[in-house]
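Here's the structure we're looking at; comments come further down.
Read-outs: derived from the displayed coordinates by stated rules, not from any lab. On a predicted model such as this, the values are computed, not experimentally measured, just so you know. Note that each Cβ is placed from the backbone with ideal geometry, even for glycine, and that neighbours are counted across all protein chains shown.
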Amino acid sequence: MSALITVEELRALGERPVLIDVTWNLAGPPGKEAYDAGHIPGAYFVDLDTELAGPPGPGRHPLPAATTVTAALRRAGVGPSTPVVVYDAANSMAAARAWWIFRYFGVRDVRVLDGGLAAWQAAGGEVTTEVPAAGNGSFIATAGHIPMLDADGAAEVAAAGVLLDARAPERFAGEVEPMDPVAGHIPRAVNAPTTANVDETGHFLLPDELRERFEKLGVDGSTQVGVYCGSGVTAAHEALALEITGISSAVYIGSWSEWITDPSRPIAIGR
């Protein structure tokens with residue numbers, strides 16, 4: 001089953017899955033404001049900063065506690081076998097974080113709505129400001145259902161496999177750093193800006209196009225692949241793009257914002 005679902009496929013389902021809106025903007029305003037202004041009917045809001053991440057330190061978006069994920073999914077009415085579809089405004093950057101977190105904590109059937117709310121509206125889908133009543137789900141989150149990297153693991157993948165850095169080229173090169181106090185990248189990492197995985201409408205490129213892109217970066221399915229970014233959000237988007245091509249990867253969830261908290265870890269500059 002694909003990690004993505006189209007608007008047409010979602011509409012064709014006989015029984016609609018639980019819909020979760022994770023609209024989020026790194027620079028603000030808060031995603032809840034956008035959700036309140038209009039969302040897909042029946043969708044529940046889950047906050048990326050407080051429910052898909054733990055309190056900052058080390059790293060800006062560390063793993064949330066299993067109890068936090070349990071509470072969020074139960075509020076949305078999710079049980080052990082409930083299918084879930086997550087979406088955001090358009091490009092799936094935040095939705096991919098939810099996709100990854102939910103899989104890591106044991107959700108068996110979770111997909112991302114390709115193109116997000118923008119695609120839904122472009123296809124004539126209605127939006128509402130009505131908030132659904134809290135559900136009474138029975139899901140219990142448990143950690144470790146998919147691979148995850150720590151700092152040492154990321155360094156090992158960079159040395160023996162392919163470690164993709166999902167940030168913009170200028171951040172990778174250390175030319176600018178708007179979010180973290182130290183600029184640069186993990187030595188031997190390969191820059192693969194995840195913004196290039198989607199088109200101008202926020203839809204993911206076709207699998208063959210993504211496969212060709214990753215092959216040019218050294219990802220051919222023959223070696224371990226890891227991904228990281230600034231704080232573990234867009235890294236999940238890169239992992240989702242890889243999943244679409246059939247390639248599994250491990251996310252360094254602490255990412256650059258955690259890497260730099262240990263001054264003994266090496267830093268590379270340049271492209």
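In the chain, the ratio of gyration radius to Kirkwood radius, Rg to Rh, stands at 0.96 when only Cα atoms are counted. With contacts taken as Cα pairs under 8 Å at a separation of at least 6 residues, segment 172-262 carries a relative contact order of 25 percent.
When each of the peptides 123-132, 180-189 is scored by how many other beta carbons lie within 10 Å of its residues on average, the order from highest to lowest is 180-189, 123-132.
Its Cα centre serving as origin, the chain has a Cβ charge dipole (Lys and Arg +1, Asp and Glu -1) of approximately 460 debye.
If you sort the three axes of the alpha carbon gyration tensor as a ≥ b ≥ c, you get a/c of 1.5 or more for segment 179-227 and a/b no higher than b/c, which makes it oblate. Residue ranges 240-247, 156-163 sort as 240-247, 156-163 when ordered by packing (mean number of other C-beta atoms within 10 Å per residue, highest first).
The shape of segment 70-210 can be summarised by an equivalent ellipsoid whose semi-axes, obtained from the alpha carbon gyration tensor, come to 31, 22, 14 Å from longest to shortest. Rounded to the nearest 20, the Cβ-based charge dipole of segment 148-259 about its Cα centre (Lys and Arg +1, Asp and Glu -1) stands at 100 debye. Shown here are the Rg and Dmax of the Cα trace of segment 148-259, at 12.9, 38 Å. By the beta-carbon count within 10 Å of each Cβ, the least crowded to most crowded order of 222, 248, 264, fewest first, is 264, 222, 248. Towards the positive end of the charge dipole of the chain, with charges on Cβ (+1 Lys, Arg; -1 Asp, Glu), say which of 91, 77, 256 has the farthest Cα. Result: 77. Each residue of segment 3-14 was assigned a 3J(HN,Hα) from its phi angle through the Karplus curve 6.51 cos²θ - 1.76 cosθ + 1.60 (θ = phi - 60°); the sequence is 6, 9, 9, 8, 4, 4, 5, 4, 5, 7, 5, x Hz, with glycine and proline shown as x. Overall, segment 216-271 carries a charge dipole of about 180 debye about its Cα centre when +1 sits on the Cβ of Lys and Arg and -1 on the Cβ of Asp and Glu, all other atoms neutral. Computed from the Cα positions only, the extents of segment 4-122 along the three principal axes stand at 43, 33, 21 Å, in decreasing order. Over the chain, dividing the summed -39,500 (n - 2.57) contributions of all DSSP H runs of at least 4 residues by the number of residues returns a 222 nm mean residue ellipticity of -8500 deg cm²/dmol. Gap in Å between the Cα centre of segment 191-219 and the Cα centre of segment 1-69? Taking the Cα centre of segment 191-219 as reference, the centre of segment 1-69 is 22 Å away.
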